[in-house]
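**Student:** Let me begin by handing over the structure; questions about it come next.
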Amino acid sequence: MAAAALNRTQERKANTSNGGFMLLLSLVILAALIWMVLDLIRYENGINGLGTVVLSIVFVLQLCGFYTLQPNEGAAVTLFGNYKGTDRTPGLRWMLPWYTRKKVSLRVRNVTGEKLKVNDKRGNPIEIAAVVVWRVTDTAQALFDVDQYQTFVDIQIETAVREIASHFSYDHSEHDEPTLRGDADQVSTLLREKLQERVSVAGVVVDETKLSHLAYAPEIASAMLRRQQAEAVLSARRFIVQGAVEMVEHALQQLSERDVVQLDDERRATMVSNLLVVLCGDRDAQPVVNAGSLYQ
């Protein structure tokens, strides 16, 4: 038997009243109540006594219907468990006291995730954490479609970060693939998209995500540092050799075009070898004066 689908709740506007007008009405009722109490004390009229009781009940119920909303704050209204709508109008508000009101903040929230130890695409253990900026846009979904929406979002942030980390290598990926360290903007964009898919059921919008921490796990950090140093040395050597070859090629071309010296293949090879040694060596070249010929 297939599981029943979630009954999605959609936010709608609640029918509430302006609190200022109701406050003025409450003052009128209070004045009438005081007058009836004084009249009851003076004349001991039974009708006034009944009116006093009724006005007292009305006044108390009216006071219980007041509530306030701050900017970027909403109040979800329910009646015996049935959702009736959401009030987003800031200021003093009023509605019948037997309606239940639950306030929800609509402000932007900033969550700094904890450092997670996960494996990247290559299986290397890394530490990663993210900062997520989010806000509630649908109060009905946040309150009635998930249980404790703040905890729900926190758990989904951790799940999304773990998923994204497994899709990328920390660095030095093959075939020019994006990496966690080298393509932070692309990783953050994908993280926001994945997280938005997960938290949309809670009526939440993710405005921004950024990686706040990224490092190799301590047990492999030293080994990976040596690897990075070796790769940096190889990359520098490759660049040096490429430049040296271009310089030697340019030198031979200039010598040939200006007819400075005539070189056979053996002398050309010797000259290329000497130039490469000079250009690619770690130390300064020591000149040697050859008073004879190449073959003596």
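**Student:** Going by the conditions given, is residue 123 under 30 Å from residue 177 (Cα atoms) and within 20 Å of the chain's Cα centre (by Cα)?
**Tutor:** Considered against the rule, which asks whether it is under 30 Å from residue 177 (Cα atoms) and within 20 Å of the chain's Cα centre (by Cα), residue 123 comes out as no.
**Student:** Here is a list: 142, 165, 160. Which entry is without any contact (Cβ under 8 Å) to a residue 60 or more places away in the chain, under 15 Å from residue 205 (Cβ atoms) and part of a helix (DSSP H, G or I)?
**Tutor:** 160
**Student:** Of all residues in segment 104-117, which are within 22 Å of residue 12 (Cβ to Cβ), open to solvent by 30 Å² or more (accessible area, probe 1.4 Å) and either in contact with a Phe, Trp or Tyr (Cβ under 8 Å, 6 or more places away or on another chain) or part of a loop (DSSP other than H, G, I, E, B) (or both)?
**Tutor:** 107
**Student:** Tally up the residues in segment 190-225 that are at pLDDT 90 or above and either surrounded by fewer than 19 Cβ atoms within 10 Å (Cβ to Cβ) or in a helix (DSSP H, G or I) (or both), please.
**Tutor:** Residues meeting the conditions: 17.
**Student:** Being at negative phi and open to solvent by less than 80 Å² (accessible area, probe 1.4 Å) is the filter here, so list the residues in segment 85-99 that pass it.
**Tutor:** The answer is 86, 87, 89, 90, 92, 93, 94, 95, 96, 97, 99.
**Student:** Identify, please: which residue in segment 147-187 is in contact with a strand residue (DSSP E or B) (Cβ under 7 Å, 6 or more places away or on another chain) and polar (S, T, N, Q) and is, among those, nearest to residue 124 (Cα to Cα)?
**Tutor:** Only one residue fits best here, namely 169.
**Student:** Do you know which of the residues in segment 28-52 that are at pLDDT below 80 and within 25 Å of residue 98 (Cα to Cα) is most open to solvent (accessible area, probe 1.4 Å)?
**Tutor:** 50
**Student:** So, one more: Which number in (1) modelled with pLDDT of 85 or more; (2) in contact with a strand residue (DSSP E or B) (Cβ under 8 Å, 6 or more places away or on another chain) marks the one condition that residue 124 misses?
**Tutor:** Answer for residue 124: the failing condition is (1).
**Student:** Which condition breaks for residue 113 when tested against (1) over 24 Å from residue 211 (Cα atoms); (2) touching a Ser or Thr at 6+ places or on another chain (Cβ under 9 Å)?
**Tutor:** Single failed check for residue 113: (1).
The values are calculated or read from the model by the stated rules, or taken from the named source; none is laboratory data. If you're wondering where the values come from, they're calculated on a predicted model, not measured in any experiment. Please note: Cβ atoms are built from the backbone with ideal geometry, for glycine as well, and neighbour counts cover all protein chains shown. The accessibility values were calculated without ligands, DNA or RNA, using every heavy atom of the protein model including side chains. Shrake-Rupley method; radii C 1.70, N 1.55, O 1.52, S 1.80 Å.
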